Structures are given as structure tokens and as C-alpha cells.
Ligand SMILES: [Zn+2]
């Protein structure tokens with residue numbers, strides 16, 4: 001679908017109402033969006049309005065309706081009775097209208113005070129919203145086009161959204177249907193707006209938040225974004241749009257993105273651009289969200305083919321939608337020349353470390369992690385590290401293994417890129433949802449081999465990933481670096497002047513002795529210890545030594561005798577083999593595009 005087909009008001013059936021929203025924000029300091037819904041030509045006895053409980057791309061029921069207030073409904077200056085049928089469902093009685101056909105007006109306010117890519121934010125500097133958190137879905141008419149007029153509070157505020165404008169109408173935009181409205185974030189304010197082209201398609205970068213020019217250097221940023229777009233377009237054989245919008249929020253410490261078909265929203269620390277490593281992470285975020293315009297926005301798991309905005313949409317395949325995207329967000333900046341193979345391997349080592357130091361990888365299979373995203377990944381607790389593995393990180397690791405497996409078997413003539421292209425051609429272009437079986441079939445067809453065993457072990461099972469078996473043909477190996485101190489098994493941080501134990505790893509000495517996440521760490525062997533001193537203090541002991549650990553547990557002073565265990569690897573690196581063969585050198589160069597050194 002292209003922008004050209006996005007505006008088609010002439011296709012409205014005569015029986016369907018015209019749906020028209022107005023979004024005003026006369027007092028931005030109140031954080032209240034004032035929304036008016038006009039329905040012209042409505043003729044049914046009741047009108048059902050439902051606010052989505054979640055937004056695609058962020059798999060958590062967020063209960064957007066909790067921010068809605070001051071609901072009212074009118075027709076021809078008469079108030080209409082209404083009642084709520086559930087937390088997100090409003091029903092208006094429209095039968096009292098004389099002729100049965102009328103213009104209805106619904107008014108409500110939405111509190112917008114959460115700055116994230118998936119929520120709404122309004123203050124004196126800007127307004128930002130996601131359709132799912134602001135607009136009602138009308139179940140009978142969700143395929144109807146929807147018009148949205150924005151009323152900025154000040155004349156200098158302008159509007160950026162991927163939706164096409166309605167010609168001749170100020171700040172008025174048209175969405176093809178409700179899905180498109182939900183998929184089109186709005187940025188309203190005095191944000192910087194940069195225009196650029198790639199492959200003849202127009203792109204915009206809107207930047208809100210102080211700090212952009214002091215360290216973000218839009219010119220350099222845009223040049224690197226252009227390279228990323230080119231690399232990804234090459235992978236998928238072109239760009240499936242006419243216009244794409246990057247919305248960038250510079251904030252104090254946020255770090256996140258939300259993908260859309262024609263846009264992405266990015267939230268990044270305002271001072272996170274000058275240091276090279278932070279800049280590279282930002283480019284990975286760009287590569288990630290942009291990759292999603294294919295993988296997950298168009299190449300969708302079956303359960304996400306048609307969104308159910310009223311409840312959870314369960315799929316075991318988010319490991320492919322998110323994890324494979326995460327693998328490519330590491331690979332693409334390398335291909336785009338934003339960093340070199342050394343940085344890539346460093347980054348890979350960090351990702352492997354994250355995976356290998358999460359004990360939950362031995363408990364939760366990857367497909368289950370995906371399925372339970374709604375109750376687990378987005379709702380971490382003290383036990384999450386022990387019982388769960390993120391489908392992002394393990395999905396990334398499994399994608400790495402699959403890429404290496406395919407490349408090795410086909411001398412780099414085939415790769416995971418071919419899987420992506422095939423998924424795009426077979427499912428993405430026509431937006432047909434894929435089943436887990438179909439995904440496996442496509443991967444097997446590219447790999448040219450049966451992968452039942454691979455999926456059983458690493459996707460549906462919890463067997464350890466054999467990194468070295470897959471890295472070795474590329475002249476590489478994963479090595480763990482042993483800590484210089486014996487293992488206690490806690491992670492502690494300093495919070496509000498207290499030393500807090502945030503995580504106790506199952507099976508470790510601390511765990512077995514009864515130390516709990518949430519305990520306040522006080523002393524080792526009677527001497528005060530802080531979170532930052534902890535590793536150093538443990539260096540004074542040997543494995544097998546018994547120490548006294550004193551904590552406050554729910555205000556009670558407790559001392560635990562803990563027998564320390566052997567040191568463990570808490571850091572992993574991917575390094576080159578000492579004497580790689582010519583085949584290994586060839587494989588490496590075919591994968592990463594530079595000679596193995
Ligand atoms: Zn993602």
C-alpha cells in the first residue's frame with residue numbers, strides 16, 4: 001500500500017457515518033487533550049465506543065481508558081443517555097433521535113502525562129499521542145476512513161504525523177481506517193523538522209526536546225539514517241512507502257522505540273549522542289524500529305494479522321518479530337559502515353553476556369516467553385531473572401545461530417537475509433499472517449535442511465545454545481572471563497542512600513541461605529558494605545569460606561551464614577581463533593564483509 005491509496009473518502013458507503021475527530025489542547029499545562037468525535041449520518045439505535053486496551057508493538061494491556069474523563073454525548077443540542085458496559089466500553093442510546101439519522105457529538109478529555117513512545121504526553125512544550133490511547137473504536141465502522149483535525153494551542157505549533165493531509169484543510173489528516181489511525185502517532189509543537197530523501201522516497205525527522213543541536217548533530221545523524229535505510233531497502237528489494245516519518249523525543253534518560261508502518265517513535269537520552277558507543281546504540285535503535293516496518297508491521301504472526309484491541313493477542317512467534325529484528329539491529333549499522341567488525345563483535349559479546357548471565361534461560365522456552373509477553377516480559381518482578389528469558393535477547397541469539405547455520409551450509413551464498421526476503425514475499429507484501437509452522441518451513445527451505453531438532457532444543461526447549469559449535473566455522477569462539485572473587489549470588493544497587501539487593505540468583509549461596517530480593521544489605525562479617533564495594537570485599541575470601549551477611553529483611557535485622565561458591569564467568573567475548581583455516585577466513589569475510597584479523 002502506498003500513500004496514494006491512503007486517501008479515498010469517495011469509498012465511504014452511503015449508510016456509514018462520516019467519522020471526524022477534533023483534538024484540541026487549549027491548556028497544555030493541564031495535560032488534558034480535549035477530544036470531540038463527530039459522527040455524521042449515524043442511524044443505529046445505540047452507538048458502541050471502545051477504547052483499545054493496548055497498542056500494537058507493545059504487548060501489555062495498558063488500560064488506556066483509565067486516563068479518560070468528562071465523557072458526554074449530544075445530538076442536535078440534546079444530551080444523550082449513555083452507560084459503561086465494561087472498563088473500556090461506552091454505549092450511547094441514540095434511538096431517541098426523531099428521524100433516526102443525525103449528527104452525534106461525543107466529547108471527552110484524556111489525561112496525557114506519560115512520556116513514552118507508547119503513551120500520550122502533553123505539556124507546555126508539545127503534544128504527542130498514540131491513536132490507541134486517544135481514539136474510540138466503533139466496532140461496526142472500524143474499516144471506515146477517519147478524519148482528524150488538530151487544534152494547536154498556539155499558532156507557532158505545527159503538526160507532524162505519517163497520515164496524509166486533507167488538501168485545503170488546515171491541520172486536518174485522513175486515516176484509511178481505525179488500524180491506520182492507531183498506527184499513526186502525532187507530534188504537535190515547535191519541534192525541529194528535517195526533510196531528506198532516500199531512493200526517491202521522502203523522509204522526515206522530527207526532533208522534540210532540548211539538546212538536539214548541542215550534541216545530536218542532525219546532519220551527521222541524518223546521513224547515517226540514510227545509510228541504514230539504504231541497507232534495509234536493499235535487503236527487502238525497495239521501500240514499500242512514499243513517505244516515512246521518524247519522531248525523536250530527547251528526554252532525560254528514556255530509551256525506547258515503537259514501530260509503525262509509515263513511522264517510528266524514538267525516545268533517547270538528550271545527551272546520548274556525543275560518546276561514540278551511545279551514538280552507535282542510537283543507530284541500532286533506528287535500525288531496529290525501521291526494520292520493523294517490514295518485520296512485524298507487515299510480516300506479522302497470524303495472531304497479529306487482525307488486531308484485537310480488547311484483549312491480549314497471543315503468539316509464540318515474537319522471538320522472530322523482535323529477536324530477529326534485534327539481531328539485524330546489530331548487523332545493519334555494520335553493513336552501513338557506522339561501525340566496524342570489531343565493534344560488532346564487541347556488541348555481540350555484550351549481548352551474549354546478557355543472555356548467558358540470565359538464569360531464566362534454563363527455565364523458560366523461547367516460544368513460551370513470546371506467548372507470555374503480556375504477563376511476564378513487561379511485568380518483571382524479583383523472580384523474573386530466575387524464571388524468564390526475554391524473547392528479544394534469546395530470539396537474537398537464535399537468529400544468530402540460524403544465520404550462521406545457513407551461511408555455513410551454503411558457503412555464504414544463502415543467509416538469514418533470504419529468510420527475511422522470503423517471509424516478505426510470501427506473507428509481508430500481502431499482509432497474510434504466518435503460523436509458527438510456516439515460519440519454520442521458510443527457514444528450512446532456505447537452510448535446505450530439516451530443523452525440527454533445532455526448534456525442539458532452542459525455540460521450544462531450554463537447552464543451552466551451543467555458540468562455539470556455530471561460531472567455530474567462522475574462525476571465532478565465545479570465551480567466558482572468570483570473576484576474581486567467589487560467588488555470593490546477589491545484585492545490589494544504591495537507592496535513596498540504601499544498599500538494596502535487587503536480585504538473588506536461584507541456586508546460589510545467597511539464595512540457599514535465605515537472602516531475599518528487597519533486603520537492605522548492611523554488612524559482611526560485621527563491617528558495613530555498599531553495593532559498589534561488594535565485589536571488592538568478596539575478593540578477600542576464597543570459595544568455601546563462610547561469611548556472615550547482615551541485612552534488614554522487612555525492617556528486621558538478620559544475619560545469614562553464607563558459604564561462598566567458586567567464581568563464575570560473568571562476562572563473555574567473541575574472539576578470533578588463533579590459527580583460522582582458509583575456509584574459516586572465507587566464511588568470516590562472507591558474513592561480516594571484512595577479512596578476519
Ligand atoms: Zn522491536
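Readers should treat all values here as calculations from the given coordinates under stated rules, not as data from a laboratory. All values reported here derive from a predicted model rather than from experimental measurement. A quick note on method: Cβ atoms are made from the backbone with ideal geometry, for glycine too, and the neighbour counts reach across all protein chains shown.
Could you please tell me the mean projected area of the C-alpha convex hull for region 175-303, averaged over all directions and given in square nanometres to one decimal?
Spelled out: convex hull of the Cα atoms, projected over all directions, averaged, 8.5 nm².
Taking the Cβ of each residue in 44, 210, 51 as the centre, tally the other Cβ atoms inside 10 Å and list the residues starting with the fewest.
Final ranking by Cβ density, sparse to dense: 210, 44, 51.
Helix 436-447 sits at what angle to the longest principal axis of the chain, using alpha carbons and giving 0 to 90 degrees rounded to 10?
60
Hey, got the Cα dimensions of region 323-362 along the principal axes, in Å, largest first?
Cα extents, longest axis first: 36, 19, 8 Å.
Give me log10 I(q)/I(0) at q = 0.14, 0.20, 0.21 Å⁻¹ for region 92-213, Debye formula, one equal scatterer per alpha-carbon, no solvent.
Cα-only, vacuum Debye calculation for region 92-213: -0.73, -1.32, -1.41.
Let me have the 222 nm mean residue ellipticity of the chain computed from DSSP H runs of 4+ only, each contributing -39500 (n - 2.57), with the sum over all residues rounded to the nearest 500.
Calculated mean residue ellipticity at 222 nm is -7000 deg cm²/dmol.
Mind jotting down the three principal axis lengths of the chain based on Cα atoms? Whole angstrom, largest first.
86, 63, 49
Share of antiparallel DSSP beta bridges in region 117-270, in percent to the nearest 5?
Among the beta bridges of region 117-270, antiparallel pairing accounts for roughly 65 percent.
Once you place label points 7 Å from the Cα toward the Cβ at residue 506 and residue 255, how far apart are they in nm?
In this crude label model, residue 506 to residue 255 measures out at 2.7 nm.
Want the number for residue 27 to residue 523: 0.36 nm per residue separation, take away the alpha-carbon distance, what's left?
173.4 nm
Report, to the nearest 10°, how far helix 325-335 tilts away from the longest principal axis of the Cα atoms in the chain, using its own Cα long axis and a range of 0 to 90°.
Once rounded, one gets 80 degrees.
Counting pairwise Cα distances across region 46-149, what percent come out greater than 21 angstrom?
The proportion of pairs with Cα distances above 21 Å equals 41 percent.
Stretched out fully, how many nm does the piece from residue 340 to residue 573 gain, at 0.36 nm a residue minus the Cα gap?
82.3 nm
If we count other beta carbons within 10 Å of each Cβ, what is the order of 420, 478, fewest first?
Taking fewest neighbouring Cβ atoms as first place, the list is 478, 420.
Sort 326, 102 so that the residue with the fewest other Cβ atoms within 10 Å of its own Cβ comes first and the one with the most comes last.
Least crowded to most crowded, the residues run 102, 326.
Evaluate the distance, in nm, between pseudo-label points positioned 7 Å from the Cα of residue 140 and of residue 558 along their respective Cα→Cβ axes.
For residue 140 paired with residue 558, the spin-label model returns 6.0 nm.
Can you give the Rg to Rh ratio for region 528-597, taking only C-alpha atoms and Rh from Kirkwood?
Radius of gyration over Kirkwood radius for region 528-597 works out to 1.35.
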